[in-house]
Every structure is written in structure tokens, then in C-alpha cells.
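Worksheet for the structure shown next.
The values are calculated or read from the model by the stated rules, or taken from the named source; none is laboratory data. All figures in this text were calculated on a predicted structure; none of them were measured in a lab. Every residue, glycine among them, receives a Cβ derived from its backbone with ideal geometry; neighbour counts consider all protein chains shown.
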Amino acid sequence: MPRCVVARRVHFNAAHRLHNPERSAEWNRTTFGPCNNPNYHGHNYELDLEVEGDIDPETGYVVDVALLQQLADDLIISALDHRNLNLDVPWFRERLPSAENIARFCWEQLAPRIPNGRLYRIRLWETPRNYVEYQGA
Ligand SMILES: [Zn+2]
């Protein structure tokens, strides 16, 4: 069966602060720079969702990208968009809301819900110059 990777890019914006309460204020400032600013700051995140699977001969699709967008809306965007990740999203109470961990969060929400194929990779752009990739544990 011919296989293909299908990708959908979705967008959200959110505020965060990187701060490890186990470490000193100076360590946090040095380690996280402006992402440690006490009053939070925002990013415009772009999230690429890649699904790999067999091309269905009946539709020619691996997965309907409209369905992928709907799943992203329901499972990710509704939870993260226009939120303060530190304060509003319980998943981040015990985890730093770094791009790496946000990608993990997105993976955990979406991977079990892909109807055809499997979630292959997530690429999260925190800025136009920085992205992280996650492919599961
Ligand atoms: Zn930041």
C-alpha cells in the first residue's frame, strides 16, 4: 500500500514564563533570559501536525486535513489559544511550558485520536527562527 505523510499547520498564541522554582532567581535569569521575565510574555506558535499512513484507494487520502484541523481545534487550540500556559493549563503545573513540553502536550492530546494512519511528527515553531520536533517518547 503506498504511504504518504500529510501535514496541517495550525496556529495559536499563548503566554508563558519559564521559571524553575527549585533554582535561584539568578539561575533562572541566566538560564531562561527574557523567557524568565516575571510578568509573562507571549508567542505566536505555529504547529505542524504530520500524519503518516496508507493512501486510501477510495478517497486518495491518508487522512482528511479538515478532520485533522477539527481534532486540533478540539484537543489543542481550545486548550492553549489565548491562554497563560503557566496559570490556565493544568498540564503545565508540574512542567515548564517550554516549546519542547508544549510539543509533548500536543502529542499526548492528538496521537491517540488520529483515525487513519498515525501521528508521525509534530513541529512547533515558537518563533519564525526556532522550532522543536517531537515524535513521541
Ligand atoms: Zn518565551
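Could you list all residues from the stretch 82-92 that are buried (at least 17 other Cβ atoms within 10 Å of the Cβ) and in a helix (DSSP H, G or I)?
The answer is Leu85, Asn86, Phe92.
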Flagged in the stretch 99-129 as in contact with a helix residue (DSSP H, G or I) (Cβ under 8 Å, 6 or more places away or on another chain) and part of a loop (DSSP other than H, G, I, E, B), in numbering order, are Ile114, Pro115
Note on Val65: of the conditions (1) crowded, with 18+ Cβ neighbours inside 10 Å; (2) touching a Lys or Arg at 6+ places or on another chain (Cβ under 6 Å); (3) of a type outside the set (Gly, Ala, Ser), unmet is (1)
Selection from the stretch 14-52 of residues more than 9 Å from the ligand (Cβ to nearest atom), exposed (fewer than 13 other Cβ atoms within 10 Å of the Cβ) and within 21 Å of the chain's Cα centre (by Cα) yields Asn20, Asn44
Scan the stretch 44-64 and tell me whether some residue there is under 15 Å from Glu126 (Cα atoms) and of a type in the set (S, T, N, Q). yes
*asked:* Any residue that is at pLDDT 95 or above, within 20 Å of Asp74 (Cα to Cα) and of a type in the set (Gly, Ala, Ser) - is there at least one of those in the stretch 113-135?
replied: no
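Which of the following residues is out of contact with any Asp or Glu (no Cβ under 6 Å at 6 or more places or on another chain), in a strand (DSSP E or B) and within 17 Å of Trp125 (Cα to Cα): Ala72, Ala14, Ala7? I'd like the intermediate steps shown before the answer.
Values: Ala72 fails: in a strand (DSSP E or B); Ala7 fails: out of contact with any Asp or Glu (no Cβ under 6 Å at 6 or more places or on another chain).
Exactly one residue qualifies, and that residue is Ala14.
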Ala79 vs (1) outside any loop (DSSP other than H, G, I, E, B); (2) more than 22 Å from Val6 (Cα to Cα); (3) within 16 Å of the ligand (Cβ to nearest atom): all pass except (3)
Condition check: of a type in the set (Val, Ile, Thr), in a loop (DSSP other than H, G, I, E, B) and modelled with pLDDT of 95 or more. Does Val62 satisfy that? yes
